[in-house]
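> Take a look at the following structure, please.
The values are calculated or read from the model by the stated rules, or taken from the named source; none is laboratory data. Keep in mind the model is a prediction, meaning the values are calculated, not measured. Reconstructed Cβ throughout: ideal geometry from the backbone, glycine too, with neighbour counts over all protein chains shown. Side chains are part of the model used for accessible areas, which takes the heavy atoms of the whole protein and leaves out ligands, DNA and RNA. Shrake-Rupley method; radii C 1.70, N 1.55, O 1.52, S 1.80 Å.
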Amino acid sequence: MIVNSSLDEVKKRESALKIIKEIINNEGRDSLYDVTGLSGGFIASDEELNLLETYVGPAIFEDELQIVGKEHLGGEKVLAVNRTSSGILASILALVKKGEHVSHFLAEFPAHPSIPRSCEIVGASYDEFVEIDKFTIPENSSLVVITGSTMDHKVIDEDLFKEVIDMAHEKDVPVLVDDASGARLRTAVFKQNKATELGADLVVTSTDKLMPGPRGGLMAGREDLINEVKIKANQFGLEAQPPLILAMVNAIKNYTGDNLVKAISRKEEFFNLLSKKYEMFEKTPTGVNVSELSLKKQLKKLDIKTELSDKDCCFLWAMILLKDYGIITIPAVGMPGASVSIRFDLSTQDVIDMNLNQLYEKIDASFEKLLILSQDIEKSKELIFY
């Protein structure tokens, strides 16, 4: 294996950022195509930027965030944190004690690593489930977590969503929903209700996922629980600072589900185009995806033998896509523990109006390079750790 640890994943990410900088310096921003669905943004006027002082900023923008945040997520109160993972950690620090239990239900493995890691920090036991008939909430449980949409955009069935909430509330256990992308994907594409409308006590979403906002987390829910989480967030420096709060406010104001809806119609055309040559692509709500297992099967079908691990193959392809074709995917730039699936999200601004044949040609050419480069471990290592 080339990427063996979280440190290796950090180094890989640093390599990707270095390549992105080189592309921008040499060819300009228009030569990059962010298809992660996490491109985000920072919308702010000059007048607003002048108010981003340590204490002036919160005084001006936090009240407005309460208004637009509750419109977006529902709930009684809103809290801004510096990442979705920060909100999850603050919630578990606030609500779960050593020796207690957290049960997690999601549509498909794996769960986001921040959830079990947070449980480990407080000394709580943890289980995760994808089958409702196997889902349990032990007597020592103090929190149930639901993932609305997985890292690979697998969306939970709304009836199961509500059933898990009801099971938790029957035992008087609060429910936290990790709705990082789901707060928009579930509602705009799948026409589901907001997590709070389904009875969730807390929900956290990522303000850069499928919306033009900063990399940050926005929480909403019961006022008493939000207050408890806010204490922990402030104690451990997990709260969002004024620039993030401002950008969150404007992101919500400028959010529209139109791009998500448009991507639905384009994904069928794109999937059909790719499927003429490849078997590894799978549909997502707003694009296509190649999982670690699907890539492995495609390579095997082509009788490609490599000493690289399955994950290394994903990382390598992602780096080829970036360096040679300017296509940014999550395995190249993701944080440690992020999904290694290579997702091409058609709702992102860089490709929303792009000719699909042009995108296909870039992907096709990059895959041909993967077949060659995967035979050379040293050259693969040089690219991954550029």
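> In nanometres, what is the gap between the two model label sites at GLU71 and GLU139, each 7 Å from Cα along Cα-to-Cβ?
4.8
> Any chance you could run the full-extension gain for LEU160 through ILE372? It's 0.36 nm times the residue separation minus the Cα-Cα distance, nm to one decimal.
Full extension of this stretch gives 71.9 nm more.
> Roughly how many Å is it from the Cα centre of the stretch 39-61 to that of the stretch 187-219, as a whole number?
22
> Take the alpha carbon atoms of the stretch 280-300, find their center, do the same for the stretch 89-124, and report the distance between the two centers in whole angstrom.
Going from one Cα centre to the other spans 29 Å.
> Measuring with a 1.4 Å probe in the full set of protein chains, what accessible area per residue, in whole Å², belongs to the chain?
43
> Considering only LYS11, LYS134, LYS232, give the residue with the highest GNM mean-square fluctuation for the chain, with springs between Cα atoms whenever their separation is below 10 Å.
Fluctuation is largest for LYS134.
> Under 17 Å from a point placed 7 Å out from the Cα of ASN4 along the Cα-to-Cβ direction: which residues of the stretch 294-337 have their backbone N that close?
Residues 307-313 qualify, since their backbone N sits under 17 Å from the label point.
> Taking 0.36 nm per intervening residue step and subtracting the Cα-Cα distance, what contour gain separates GLU131 from GLU307 on full extension?
59.9 nm is the gain from fully extending GLU131 to GLU307.
> Tell me the carbon and sulfur percent of the accessible area for the stretch 46-254, rounded to whole percent, probe radius 1.4 Å.
49
> Please pull out the direction-averaged projected area of the stretch 87-130, using the convex hull of its alpha-carbon atoms, in nm² to one decimal place.
2.7
> Kyte-Doolittle mean at least -0.5 and Cα extent at least 24 Å along the axis: which DSSP H helices of the chain qualify?
56-73, 258-275, 356-373
> Which whole-Hz ³J(HN,Hα) couplings does the stretch 128-137 yield from phi under the Karplus relation 6.51 cos²θ - 1.76 cosθ + 1.60, θ = phi - 60°, glycine and proline marked x?
10, 9, 10, 10, 5, 6, 9, 5, 9, 10
> So which residue, out of SER294, SER275, SER142, gets the largest mean-square fluctuation from a GNM of the chain using Cα contacts under 10 Å as springs?
Looking only at SER294, SER275, SER142, the biggest GNM fluctuation is shown by SER275.
> Additional query: Which entries in LYS301/LYS379; LYS11/LYS253; LYS297/LYS362; LYS12/LYS230; LYS97/LYS191; LYS98/LYS253 show an alpha-carbon gap greater than 29 Å?
LYS11/LYS253; LYS12/LYS230; LYS97/LYS191; LYS98/LYS253
> Starting from the Cα-Cα distance between GLU282 and LYS297, subtract it from 0.36 nm times their residue separation and give me the gain in nm to one decimal.
4.1 nm
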